[in-house]
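A.B. asks: I have a structure here, written as structure tokens, and I will follow up with some questions on it.
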Amino acid sequence: MDKLLRIIHLLRFIRDCNRKGIYPNYQQIYKEMDSYLAEKGYNRQLFERDKETIRDEWHYDLRFEDETYALYEDENQLIVDDLLAAYILFTVQNQDGKLPECVITETRQHTGTNHIADCIEAIEAHKELHITYYDYRDEQTKAYTLQPYKLKHKDYKWYVLAVDKQDNSVPFKAFALERVRSLEIGATFRPNKQLDFYSPYYNAFGMFTDAKAEKVVLQFEHRDGNYLKASPIHHSQRVIAETATHITFELYVKPTLDFIMELMKRSWSLTILEPTHLRDTFVKYWQEAVKRNLEVR
């Protein structure tokens with residue numbers, strides 16, 4: 001856990017500096033990290049190990065140019081930013097592990113957090129996980145042996161991205177931690193450094209990746225569109241038209257179930273211009289919803 005938080009703090013410091021147009025040198029990084037680690041201290045050797053981890057395990061593009069450091073953000077940001085967001089919550093806690101009075105948290109609970117520490121330990125030590133897992137599809141509890149590699153966070157839920165030793169039909173799977181009924185750390189495994197955990201999520205929204213990315217054109221009422229301009233649905237989102245009444249966006253994304261559920265939240269404002277099959281899917285869901293709710297009368 002200490003190593004994970006240290007690297008997240010290092011990434012966050014360099015990234016925040018870069019976004020202000022500042023490219024820190026080693027002495028600036030050392031000053032920040034030495035202060036953060038307090039009595040543990042920081043040194044060049046530890047920095048070199050952290051850089052190696054950032055490059056080889058996190059696949060983040062940290063470049064050294066003109067005696068300064070810069071992060072080049074791309075698809076890797078999708079997973080790392082999840083961790084950075086969670087880390088912000090950690091850093092505002094006081095020494096007793098409590099939040100200061102000036103922070104008001106969301107009342108909706110994050111799920112699966114009781115397994116995070118064990119997952120991090122297993123990931124860092126390359127240890128297998130033996131879990132029992134509740135499957136919502138058939139409502140059965142099943143046993144799995146996993147080789148864990150990453151943690152991912154979405155909508156108050158934590159997932160472990162892992163290789164399922166009993167199923168080689170896909171490179172890896174995502175297991176929601178709130179569905180884990182039991183967990184034990186097992187034997188050491190040799191990690192597959194060729195596994196790509198970033199590309200499948202680059203054009204995806206949420207956890208599902210089982211669709212082909214395509215152009216999606218969405219129109220929203222102007223007021224709602226302003227919210228989406230400030231907080232985009234996806235990193236590919238861009239404004240292609242704006243009038244006094246509407247804002248139109250284009251995205252290049254996989255129209256998976258997670259994406260559909262996200263758009264459903266804005267049904268009151270949404271018009272799907274492209275693709276036709278996505279609009280037909282929404283019309284079908286809307287018609288079924290209207291029918292169900294009218295029957296309540």
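The values are calculated or read from the model by the stated rules, or taken from the named source; none is laboratory data. Since the model is a prediction, treat every value here as computed from it, not as a measurement. Note that we place each Cβ from the backbone using ideal geometry, even for glycine, and neighbour counts take in every protein chain shown.
A.B. asks: Can you confirm whether Lys157 is in contact with a Leu (Cβ under 9 Å, 6 or more places away or on another chain), touching a residue at least 24 places away in the same chain (Cβ under 8 Å), among the charged types (D, E, K, R) and within 15 Å of Met207 (Cβ to Cβ)?
C.D. replies: So Lys157 fits the description; yes.
A.B. asks: Quick test for you: out of Leu294, Leu263, pick the one residue that is surrounded by 14 or more Cβ atoms within 10 Å (Cβ to Cβ), in a helix (DSSP H, G or I) and aliphatic (A, V, I, L, M).
C.D. replies: Leu263
A.B. asks: List the residue pairs whose Cβ atoms are under 6 Å apart, where the first residue sits in the range 243-261 and is within 11 Å of Glu214 (Cα to Cα) and touching a residue at least 40 places away in the same chain (Cβ under 8 Å), the second is of a type in the set (A, V, I, L, M) and assigned to a helix (DSSP H, G or I), and the two are 6 or more positions apart or on different chains.
C.D. replies: Hits for this filter: Pro255/Leu278.
A.B. asks: When the range 109-162 is examined, which residues are found to be hydroxyl-bearing (Ser, Thr, Tyr) and part of a helix (DSSP H, G or I)?
C.D. replies: Hit for the range 109-162 is Thr113, nothing else.
Matching residues to (1) assigned to a loop (DSSP other than H, G, I, E, B); (2) modelled with pLDDT of 95 or more:
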{"site": "Phe197", "(1), (2)": "yes, no"}
{"site": "Gly206", "(1), (2)": "yes, no"}
{"site": "Ala211", "(1), (2)": "yes, no"}
{"site": "Val216", "(1), (2)": "no, yes"}
{"site": "Gln219", "(1), (2)": "no, yes"}
{"site": "Ser236", "(1), (2)": "yes, no"}
{"site": "Leu251", "(1), (2)": "no, yes"}
{"site": "Asp258", "(1), (2)": "no, no"}
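A.B. asks: Show the residue pairs that are 6+ apart or on different chains and have beta-carbon atoms under 6 Å apart, the first residue being within the range 216-235 and farther than 16 Å from Phe282 by Cβ, the second being assigned to a strand (DSSP E or B) and not acidic (Asp, Glu).
C.D. replies: His222/His246; His222/Ile247; Gly225/Ile247; His234/Leu251; His234/Val253
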